[in-house]
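**Student:** Below you'll find the structure I mean.
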């Protein structure tokens, strides 16, 4: 494994910190080839996860198809169970997998995919002279069009045209909205939002918690989720649900 691949691995596992992390984030913004390599690695991992879930689904379907062929009678499967559970759930019980659902178990990847919903697209603001702010306008258009990678670049450039916390919030949101999210970069953006008291603090705290979960850092996300619940802040009900999950690795 060459050094570049090692750096990508360390970045994805959240093992970079301090100046090294800042330098890597800056390099990602300027080096499109590196950004593409990172995105390809994230996509490959997502494909592997999806393939695993598809294989489980197909296996359960095979079990379900086998049930009629086994001539199972009410003595083997009581009628009330047949009425109470769908066939797939019955199969899971027979194979000892029902604990996954009973114990509210979920992987970090599935949790992120389940709970992440992008925030509303920002409006186009104008400066005191009424002229459009070019970087912000371009960023908001790209965000609305779903081109989140380019949107993140223009939101970064729009610092100075709009309050920095606003630009950082939508930059982080763009990084999470990508097909293969830039979790660590998003966390960095939300941290900068949380440095001051502003209109996006509650939202930034929620999305930072989700990004940490996406990075398999549930222990770091937990205090944020508890704070959201305690203050009945943005998405506090979803935060409460995440706090009940038994994490599966």
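Each value in this text was obtained by applying a stated rule to the coordinates, not by laboratory testing. Here the structure is a predicted model, which is why all the values come from computation and not from measurement. Using ideal geometry, Cβ is built from the backbone for each residue, glycine included, and neighbour counts are taken over all protein chains shown.
**Student:** Taking the Cβ of each residue in 148, 115 as the centre, tally the other Cβ atoms inside 10 Å and list the residues starting with the fewest.
**Tutor:** Ranking 148, 115 by Cβ neighbours within 10 Å, fewest first, gives 115, 148.
**Student:** If the chain between residue 29 and residue 220 were fully stretched, how many nm would it gain, using 0.36 nm times the residue separation less the Cα-Cα distance?
**Tutor:** Gain on extension, residue 29 to residue 220, equals 66.2 nm.
**Student:** Here is a further query. Determine the gain in length on full extension of the stretch residue 9-residue 247; use 0.36 nm per residue of separation and subtract their C-alpha separation, reporting nm with one decimal.
**Tutor:** That works out to 83.5 nm of additional length.
**Student:** Within the stretch 202-230, what residues put their amide N at less than 20 Å from the label point 7 Å along the Cα-to-Cβ vector of residue 120?
**Tutor:** Correct set: 202-208.
**Student:** Taking neighbour Cβ counts within 10 Å as the exposure measure, how do 110, 187, 201 sort from fewest upward?
**Tutor:** Lowest to highest Cβ neighbour count: 110, 201, 187.
**Student:** So what's the convex hull volume per residue for the Cα atoms of the stretch 113-247, in Å³?
**Tutor:** Taking the convex hull of the Cα positions in the stretch 113-247, it is 102 Å³ per residue.
**Student:** What order, most packed first, do the peptides 160-171, 222-233 have when packing is the mean number of other Cβ atoms within 10 Å of each residue?
**Tutor:** The packing order, highest mean first, is 160-171, 222-233.
**Student:** May I ask you to list the residues of the stretch 188-217 whose amide nitrogen lies under 15 Å from a point 7 Å from Cα along the Cα→beta-carbon direction of residue 164?
**Tutor:** Output list for this probe position: 188-198.
**Student:** Continuing with this model, one more query. Which of the three applies to the stretch 194-249, rounded, prolate or oblate, going by the alpha-carbon gyration tensor with a ≥ b ≥ c and a/c under 1.5 meaning rounded?
**Tutor:** oblate
**Student:** Quick one: length gained pulling residue 134 to residue 2 fully straight, 0.36 nm per residue minus the C-alpha distance?
**Tutor:** This chain segment gains 43.5 nm when fully extended.
**Student:** Starting from the Cα of residue 237, step 7 Å toward the Cβ, then list every residue of the stretch 196-212 with an amide N under 14 Å from that point.
**Tutor:** none
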